[in-house]
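*Asks:* I have a structure I would like to understand better, so I am pasting it below and will then ask my questions one at a time.
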Amino acid sequence: MLKELFGSIFGGAGSSTINKASVNETKEALKDKNVQFIDVRSTGEYKSGHAKKAVNFPLDKLENLLSKLDKNKPVYVICQSGMRSMRGASILASAGFTEVYNVSGGTSAWMSAGLETER
């Protein structure tokens, strides 16, 4: 069903793929300074508490902010539970980003795992 919704972003020749990453895998990946980490929740949600190092790129503004990201560097996308981040990840993949990760469980899982947050 997801493949039907998101078309060729899940594989096909020459297309980008959306990968899944756990919150712990994401935390490890963030040790690499080339990794980009975006939170696609609303500004209000983001300000109430977010994963450390996540930069707010609200989903409804994401397409207008793509130029602020490097298409050739990994991008990890997080939201509250994983649904909006999947939509955000699909926007990135469709725009030609080569390495896109949807953070499974989102900020809820991040906080449940006791990982660092900021306000």
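The values are calculated or read from the model by the stated rules, or taken from the named source; none is laboratory data. Not measured: the values here are computed from a predicted model. Cβ coordinates were reconstructed from backbone atoms using ideal geometry, including for glycine residues, and neighbour counts include every protein chain displayed. Just the protein is used for accessible areas: all its heavy atoms, side chains included, with ligands, DNA and RNA removed. Shrake-Rupley method; radii C 1.70, N 1.55, O 1.52, S 1.80 Å.
*Asks:* Can you show me the helix-derived [θ] at 222 nm for the chain, built from DSSP H runs with n ≥ 4 at -39,500 (n - 2.57) apiece and divided by the number of residues, rounded to the nearest 500. Walk me through the numbers on the way to the answer.
*Replies:* Working: 6 runs with 40 residues, N = 119.
Helices in the chain give a 222 nm mean residue ellipticity of -8000 deg cm²/dmol.
*Asks:* Related question: What does the convex hull of the Cα atoms of the range 10-119 come to per residue, in Å³, rounded to a whole number?
*Replies:* Details: hull volume 9.7 nm³, N = 110.
Per-residue hull volume (Cα only) is 88 Å³.
*Asks:* Fully extended, how many nm does the chain gain between residue 43 and residue 87 (0.36 nm per residue separation, minus their Cα-Cα distance)? Intermediate results must be reported in sequence, preceding the final value.
*Replies:* On the way: separation 44, 0.36 × 44 = 15.84 nm, distance 1.70 nm.
Full extension from residue 43 to residue 87 adds 14.1 nm.
*Asks:* At a Förster distance of 22 Å, what's the computed FRET efficiency of residue 33 paired with residue 111, Cβ-Cβ distance as r, to 0.05?
*Replies:* Numbers: r = 24 Å, r/R0 = 1.11.
In this case the efficiency is close to 0.35.
*Asks:* Shifting gears a bit: Provide, for the chain, the number of lysine pairs with alpha carbons under 13 Å apart, each pair being eight or more places apart or on different chains. Please list the in-between numbers first.
*Replies:* Numbers: 27/52; 27/53; 31/52; 31/53; 33/53; 33/73.
For the chain, the number of qualifying lysine pairs is 6.
*Asks:* Then there's this: Residue by residue through the range 61-68, which ³J(HN,Hα) values in whole Hz follow from phi under the Karplus form 6.51 cos²θ - 1.76 cosθ + 1.60 (θ = phi - 60°), with glycine and proline marked x?
*Replies:* 10, 4, 4, 7, 9, 4, 5, 7
*Asks:* Please give the length that would be gained between residue 17 and residue 72 if that part of the chain were fully extended, namely 0.36 nm times their separation in residues minus their C-alpha to C-alpha distance (nm, one decimal). Display every interim value, and only then the final one.
*Replies:* Working: separation 55, 0.36 × 55 = 19.80 nm, distance 1.32 nm.
Once the chain is fully extended between residue 17 and residue 72, it gains 18.5 nm.
*Asks:* Place the peptides 49-56, 109-116, 83-90, 95-102 in order of packing, highest mean first, counting for every residue the other Cβ atoms within 10 Å and averaging per peptide. Don't skip to the end; give the middle numbers.
*Replies:* Values: 49-56: 17.1, 109-116: 14.9, 83-90: 22.1, 95-102: 19.5.
With the highest mean Cβ count within 10 Å placed first, the list reads 83-90, 95-102, 49-56, 109-116.
*Asks:* Taking a probe of 1.4 Å, how large is the accessible area per residue of the range 30-119, in Å²?
*Replies:* Here the per-residue accessible area is 50 Å².
*Asks:* Give me the angle, in degrees from 0 to 90, between the Cα long axis of helix 83-94 and the longest principal axis of the Cα atoms of the chain, rounded to the nearest 10.
*Replies:* On a 0 to 90 degree scale, this one is about 40.
*Asks:* Given a 1.4 Å probe and heavy atoms of the protein chains only, how would you sort 20, 71, 33, largest accessible area at the top?
*Replies:* Numbers: 20 155, 71 95, 33 190 Å².
Most to least solvent-accessible, the answer reads 33, 20, 71.
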